[in-house]
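Note sheet for the following structure.
The values are calculated or read from the model by the stated rules, or taken from the named source; none is laboratory data. Model, not experiment: these values are computed from the prediction. Here the Cβ is made from the backbone with ideal geometry for all residues, glycine too, and neighbour counts use every protein chain on show.
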Amino acid sequence: MAGTDGDHSDTIDRLLVTRRDMTEGKKMKSTDECTKYIGEPATVLSSERAVVIEWPRSLTHRHTYGKLTPFFKALTEGRLLATRCVNPECEEKRLWLPPRADCPDCNQPMAWQEILQPVIGTVHTYARVEYAGTAIEPTTPYYQVDVELPGVCTIFKGCLEHGTPTIGMQVEARFRTENPTNTILDISWVPHAG
Ligand SMILES: [Zn+2]
């Protein structure tokens, strides 16, 4: 109806005037105070019926190695550091790897100890990784090996660089000292010729 349309137009006009007044009335002190779009426009993959966009998301994760910093620094230098409990009353005297800052058994601070080179261990078990999880950076498929090391009470996980693992097979540690990743990927394993 005509009357209704007229009312509707008036309402829109009032809204437009109000919006214009607000915009003109607000003085910006500097362009720094403007909120700006700094993203990349999303790619429209399909506009049939529903619009589908490709909108890549990313994030930067800041992570501290904290008291385990010596372990990660040592990897970049080609050395493997474990921890041992030095509390005389603690029953667990073997090494822990990955290291723990505090003893899981008695909760007392642990001491660092370097594993002698060459670092040779035994495959406890293994898995062939076909589909890696988010942020897993080796190419797939690869073998993840769980390695037993002499004097170590834990099983140390890592990637086998090449070859096919078997349970009981001997493997030797390799360190990424050139262009290190500064992550656990700075140590990996290769079959040990024996
Ligand atoms: Zn302890």
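Quick one: in the stretch 66-87, which of the residues that are over 25 Å from the mean Cα position of the chain (by Cα) and within 18 Å of L149 (Cβ to Cβ) is farthest from the ligand (Cβ to nearest atom)?
R84
If a residue has to be over 17 Å from T154 (Cβ atoms) and within 12 Å of the ligand (Cβ to nearest atom) to count, how many in the stretch 108-138 make the cut?
Counting residues in the stretch 108-138 that are over 17 Å from T154 (Cβ atoms) and within 12 Å of the ligand (Cβ to nearest atom) gives 2.
Restricting attention to the stretch 20-27, does a residue exist that is at pLDDT below 80, among the basic types (K, R) and part of a loop (DSSP other than H, G, I, E, B)?
yes
In the stretch 63-79, which residues are assigned to a helix (DSSP H, G or I) and either of a type in the set (S, T, N, Q) or surrounded by 13 or more Cβ atoms within 10 Å (Cβ to Cβ) (or both)?
K67, L68, T69, P70, F71, F72, K73, A74, L75, T76
Please give the number of the condition G168 fails out of (1) assigned to a loop (DSSP other than H, G, I, E, B); (2) closer than 26 Å to L59 by Cα.
Among (1) assigned to a loop (DSSP other than H, G, I, E, B); (2) closer than 26 Å to L59 by Cα, G168 violates only (2).
Can you name the residue in the stretch 146-162 that is in a strand (DSSP E or B) and free of Cβ contacts under 8 Å to residues at least 40 places away in the same chain and is also nearest to Q113 (Cα to Cα) among such residues?
Here the answer is E148.
Name the strands (runs of 3 or more DSSP E) wholly within the stretch 80-145 that hold at least 1 residues that are closer than 23 Å to A193 by Cβ and either modelled with pLDDT under 95 or of a type outside the set (D, E, K, R) (or both)?
120-129
I'm trying to understand the selection: among the residues of the stretch 81-100, which are of a type in the set (S, T, N, Q) and in contact with a Cys (Cβ under 6 Å, 6 or more places away or on another chain)?
Within the stretch 81-100, just N87 meets the criteria.
Under 7 Å between Cβ atoms, which residue pairs at least 6 apart in sequence (or on different chains) link something in the stretch 88-107 that is more than 9 Å from the ligand (Cβ to nearest atom) with a partner that is part of a loop (DSSP other than H, G, I, E, B)?
R94/G151; R94/C153; L95/G151; L95/C153; W96/C153; W96/T154; L97/L149; L97/T154
Just one of (1) without any contact (Cβ under 8 Å) to a residue 60 or more places away in the chain; (2) more than 29 Å from N179 (Cβ to Cβ) trips up P138, so point out which.
Going through the list (1) without any contact (Cβ under 8 Å) to a residue 60 or more places away in the chain; (2) more than 29 Å from N179 (Cβ to Cβ), P138 breaks only (2).
With respect to K36, determine if the residue is over 30 Å from F156 (Cα atoms) and either part of a loop (DSSP other than H, G, I, E, B) or of a type outside the set (A, V, I, L, M) (or both).
So K36 fits the description; yes.
Output yes when any residue across the stretch 151-170 is within 16 Å of the ligand (Cβ to nearest atom), surrounded by 14 or more Cβ atoms within 10 Å (Cβ to Cβ) and within 25 Å of A193 (Cβ to Cβ), and no when none is.
Yes; the residues of the stretch 151-170 include at least one that is within 16 Å of the ligand (Cβ to nearest atom), surrounded by 14 or more Cβ atoms within 10 Å (Cβ to Cβ) and within 25 Å of A193 (Cβ to Cβ).
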